[in-house]
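K.L.:
For reference, the structure I am asking about is given below.
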Amino acid sequence: MVPQEELFSGETEMDMLGSKAGLDPEAATRQPLAARMRPRSLEEMVGQSHILSPGKLLPRLVEANTFGSLLFYGPPGSGKTSMAEAIANETESRYVRVNAVMSNVAELRQILATARRVEKKDTIFFIDEIHRFNKSQQDLLLPDVEAGKIRLIGATTHNPGFYVNAPLLSRSHLFRLESHSVDTVARVLAKALDDEERGLGGRSHTASPEVLEGLAKLCDGDLRRGLNALEVVALGLGSGEEITSDSIAVFASERQIRYDANEDEHYDTISAFIKSMRGGAPDAALYWLAKMLAGGEDPRFIGRRLIIFASEDVGLADPHALPLATATQQACEFVGLPECEINLAHCVVYMATAAKSNSSYTALGRAKQSIAEGPVQDVPLWLRDNGGKASKRLGNSEDYQYSHMSEENVSGQEFMIEPLSFYESKKVGAETDIAQRLERWQRLKIARMAFDVEKDG
């Protein structure tokens, strides 16, 4: 079976692609099921109700045929290519498709030059994986986009804000597509099983709703993957045979979750992981940990994030958090997979259930802001280093009060010329003791200052 990503490879121009007008019917049947079941209009699209519901922006733009350039951003199998082809059909546009992985500047120049010569039809230029184009390739598109010679539709699994040039991004409507629900995928699988024109209806297979739902669950919202899997299962059975849970067992054992260290799924998952620990949700934190491990994430990366979390989010509320996180990261280095998963789980549950305080982190932020925005204070004379004869002659440290000579080792002396306040205790966990200690020291300081004033008077 030809991978969906390779469909139409080498074909850079095809009018009314979605309707397959002019194509040899026999050749069409040789296409993968996912290609044959592509929607021919926006009305046939499934899911993505936040984009395609009546009254939403995209359907209105397509109906009025007033759209310019579009960017579709979403996970694999969410319908980006199908949506582009449906739009081309509905607007009766000339449709040109390339994959950025296989295209080059020479091909782009040729496509753009042809588009300028075609006047009777609008040209929709669909670029799959547009994030793969470098800056020069993207810049090459700009003049024709601005002049309206092409209607660019770009598809990407990466955040366009990071991978699409700002000028091109600013000239495009951005639409984010979401993974399909299990119910949506199961409904499309059932339709493909019964469809005699484009689907597998001619083979007379049957499958229970439970089996189709089970197959849908294995697809992680990727409709293309679901259709490809259904086709493989069906072709492995005799005509009229029932598709059972045993038939799809091979996909369950070979399942690969959608996770790539260089894509959004990586950043989104680690974000969910950290926020779950911060929110005191150990079960959710363990789930996202398991997803990262199943996706092949480097455990040392997770360990480093735990070290950061220990200081940023747990902080002074639990002084054991940072040593534990550091030990966990060392365990990942020393033990390795798969055993270090146990160390990670130990640390994750501890972090999620620990008392939380970001007081030291936020205090540093206030101090840095003070440095950036205000006058930078000189080091007070009584705190300066007195090493060397010259320093002593200047009086460095002459009036320094040695803290260990005072009650509770608190001298009451100021440590800035103009005292500033940054640290505010959260008074949670172990930080409660810190707050009480600082309050007691402040009372001692005030009392000592009053005593010094009385003595001098």
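K.L.:
From the list A354, A430, exactly one residue is under 33 Å from the mean Cα position of the chain (by Cα) and touching a residue at least 60 places away in the same chain (Cβ under 8 Å). Which is it? Give the derivation first.
P.N.:
Values: A430 fails: under 33 Å from the mean Cα position of the chain (by Cα).
Checking each option against the conditions leaves just A354.
K.L.:
Name the pairs whose Cβ atoms lie under 7 Å apart, with the first residue in the stretch 212-229 and in the same structural domain as D195 (by TED's automatic domain parsing) and free of Cβ contacts under 8 Å to residues at least 40 places away in the same chain, the second assigned to a loop (DSSP other than H, G, I, E, B) and of a type in the set (D, E, K, R), and 6 or more positions between them or separate chains?
P.N.:
L218/R255
K.L.:
Looking for whichever is out of contact with any Phe, Trp or Tyr (no Cβ under 7 Å at 6 or more places or on another chain), at pLDDT below 95 and buried (at least 21 other Cβ atoms within 10 Å of the Cβ) here; the options are L230, L169. Which one fits? I'd like the intermediate steps shown before the answer.
P.N.:
Details: L169 fails: buried (at least 21 other Cβ atoms within 10 Å of the Cβ).
The conditions single out L230.
K.L.:
How about the stretch 173-192: which of its residues are surrounded by 20 or more Cβ atoms within 10 Å (Cβ to Cβ) and in contact with a Ser or Thr (Cβ under 8 Å, 6 or more places away or on another chain)?
P.N.:
Once the filter is applied, which keeps residues that are surrounded by 20 or more Cβ atoms within 10 Å (Cβ to Cβ) and in contact with a Ser or Thr (Cβ under 8 Å, 6 or more places away or on another chain), the stretch 173-192 yields L177, H180.
K.L.:
I would also like to ask the following. Only one of (1) modelled with pLDDT of 90 or more; (2) under 30 Å from I308 (Cα atoms); (3) not assigned by TED's automatic domain parsing to the domain that holds A285 is not met by Y259, so which one is it?
P.N.:
Among (1) modelled with pLDDT of 90 or more; (2) under 30 Å from I308 (Cα atoms); (3) not assigned by TED's automatic domain parsing to the domain that holds A285, Y259 violates only (1).
K.L.:
Tally the residues that are small (G, A, S) and either over 30 Å from N228 (Cβ atoms) or in a helix (DSSP H, G or I) (or both), restricting the search to the stretch 35-66. Break it down into steps so the answer makes sense when it comes.
P.N.:
From the stretch 35-66, those small (G, A, S) are 35, 41, 47, 49, 53, 55, 64; that's our starting set.
Then drop every residue that is not either over 30 Å from N228 (Cβ atoms) or in a helix (DSSP H, G or I) (or both), which leaves 35, 49, 55, 64.
Going through the stretch 35-66 one residue at a time, the tally reaches 4.
K.L.:
Is it the case that some residue within the stretch 239-247 is among the hydrophobic types (A, V, I, L, M, F, W, C) and more than 30 Å from D268 (Cα to Cα)?
P.N.:
Of the residues in the stretch 239-247, the ones among the hydrophobic types (A, V, I, L, M, F, W, C) are 243.
So of that shortlist, the ones also more than 30 Å from D268 (Cα to Cα) come out as 243.
Yes: one or more hits.
Table: residues versus (1) in contact with a Pro (Cβ under 6 Å, 6 or more places away or on another chain); (2) farther than 28 Å from T184 by Cα; (3) among the charged types (D, E, K, R).
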| site | (1), (2), (3) |
| --- | --- |
| G68 | no, yes, no |
| M83 | no, no, no |
| R97 | no, no, yes |
| E107 | no, yes, yes |
| L112 | no, yes, no |
| E119 | no, yes, yes |
| I153 | no, no, no |
| S170 | no, yes, no |
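K.L.:
Mind checking whether some residue in the stretch 257-265 is among the β-branched types (V, I, T), surrounded by fewer than 15 Cβ atoms within 10 Å (Cβ to Cβ) and touching a helix residue (DSSP H, G or I) at 6+ places or on another chain (Cβ under 7 Å)? Even if it seems obvious, please write down each step before you answer.
P.N.:
Step one: filter the stretch 257-265 for residues among the β-branched types (V, I, T), giving 257.
If we keep only those that are surrounded by fewer than 15 Cβ atoms within 10 Å (Cβ to Cβ) too, we end up with 257.
Then drop every residue that is not touching a helix residue (DSSP H, G or I) at 6+ places or on another chain (Cβ under 7 Å), which leaves 257.
Yes; the residues of the stretch 257-265 include at least one that is among the β-branched types (V, I, T), surrounded by fewer than 15 Cβ atoms within 10 Å (Cβ to Cβ) and touching a helix residue (DSSP H, G or I) at 6+ places or on another chain (Cβ under 7 Å).
K.L.:
Do we find that T206 is closer than 20 Å to A34 by Cα, in contact with a strand residue (DSSP E or B) (Cβ under 6 Å, 6 or more places away or on another chain) and hydroxyl-bearing (S, T, Y) in this structure? Spell out the reasoning first.
P.N.:
Working: closer than 20 Å to A34 by Cα: yes; in contact with a strand residue (DSSP E or B) (Cβ under 6 Å, 6 or more places away or on another chain): yes; hydroxyl-bearing (S, T, Y): yes.
In short, yes.
K.L.:
If a residue must be closer than 12 Å to V98 by Cα and buried (at least 24 other Cβ atoms within 10 Å of the Cβ), how many such residues does the stretch 129-160 contain?
P.N.:
Residues of the stretch 129-160 closer than 12 Å to V98 by Cα: 129-130, 132-133, 152-155.
Add one more test, that the residue is buried (at least 24 other Cβ atoms within 10 Å of the Cβ), and what stays is 130, 133, 153-155.
Adding up the residues that qualify gives 5.
Residue-by-condition table, conditions (1) surrounded by fewer than 16 Cβ atoms within 10 Å (Cβ to Cβ); (2) touching a helix residue (DSSP H, G or I) at 6+ places or on another chain (Cβ under 6 Å); (3) not assigned by TED's automatic domain parsing to the domain that holds P323:
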| position | (1), (2), (3) |
| --- | --- |
| K389 | yes, no, yes |
| R393 | yes, no, yes |
| M416 | yes, no, yes |
| S421 | yes, no, yes |
| K426 | no, yes, yes |
| D433 | yes, no, yes |
| K445 | no, no, yes |
| R448 | no, no, yes |
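K.L.:
If you don't mind, there's one more thing I want to ask. Report yes if some residue within the stretch 74-82 is outside the structural domain of G221 (by TED's automatic domain parsing) and more than 22 Å from the chain's Cα centre (by Cα); otherwise report no.
P.N.:
From the stretch 74-82, those outside the structural domain of G221 (by TED's automatic domain parsing) are 74-82; that's our starting set.
Subset that is more than 22 Å from the chain's Cα centre (by Cα): 82.
Yes.
K.L.:
Still on this model: Within the stretch 412-424, identify whether any single residue is in contact with a Leu (Cβ under 9 Å, 6 or more places away or on another chain), under 30 Å from G280 (Cβ atoms) and in a loop (DSSP other than H, G, I, E, B), and answer yes or no.
P.N.:
Within the stretch 412-424, one or more residues are in contact with a Leu (Cβ under 9 Å, 6 or more places away or on another chain), under 30 Å from G280 (Cβ atoms) and in a loop (DSSP other than H, G, I, E, B).
K.L.:
Let me ask you something else. Which one is nearest to G68 (Cα to Cα), of the residues in the stretch 112-147 that are aliphatic (A, V, I, L, M), modelled with pLDDT of 90 or more and under 35 Å from the mean Cα position of the chain (by Cα)?
P.N.:
Across the stretch 112-147, the extreme among qualifying residues is V145.
K.L.:
Here is a further query. Here are D399, D378: which of them is more than 27 Å from R304 (Cβ to Cβ), exposed (fewer than 15 other Cβ atoms within 10 Å of the Cβ) and modelled with pLDDT of 80 or more? Can you show your working first?
P.N.:
On the way: D399 fails: modelled with pLDDT of 80 or more.
None of the other options fit; the residue is D378.
K.L.:
Test D222 against the stated conditions and say whether it is over 30 Å from C347 (Cβ atoms), within 21 Å of the chain's Cα centre (by Cα) and of a type in the set (D, E). Lay out the reasoning, then the answer.
P.N.:
Details: over 30 Å from C347 (Cβ atoms): yes; within 21 Å of the chain's Cα centre (by Cα): yes; of a type in the set (D, E): yes.
Yes, satisfied.
K.L.:
Surrounded by fewer than 20 Cβ atoms within 10 Å (Cβ to Cβ) and assigned to a helix (DSSP H, G or I), is that true of V211? Give the steps one after another, and end with the answer.
P.N.:
On the way: surrounded by fewer than 20 Cβ atoms within 10 Å (Cβ to Cβ): no; assigned to a helix (DSSP H, G or I): yes.
So V211 does not fit the description; no.
K.L.:
Residues that are of a type in the set (A, V, I, L, M, F, W, C) and in contact (Cβ under 8 Å) with a residue 12 or more places away in the chain, at least 3 per element: which helices (runs of 4 or more DSSP H) completely within the stretch 67-166 meet that?
P.N.:
Numbers: elements: 80-90, 105-117, 135-147, 160-163.
In the stretch 67-166, 80-90, 105-117, 135-147 are the helices (runs of 4 or more DSSP H) which contain 3 or more residues that are of a type in the set (A, V, I, L, M, F, W, C) and in contact (Cβ under 8 Å) with a residue 12 or more places away in the chain.
The values are calculated or read from the model by the stated rules, or taken from the named source; none is laboratory data. Just so you know, these numbers come straight off a predicted model, no measurement behind them. Note: ideal-geometry Cβ built from the backbone for every residue, glycine included; neighbour counts use all protein chains shown.
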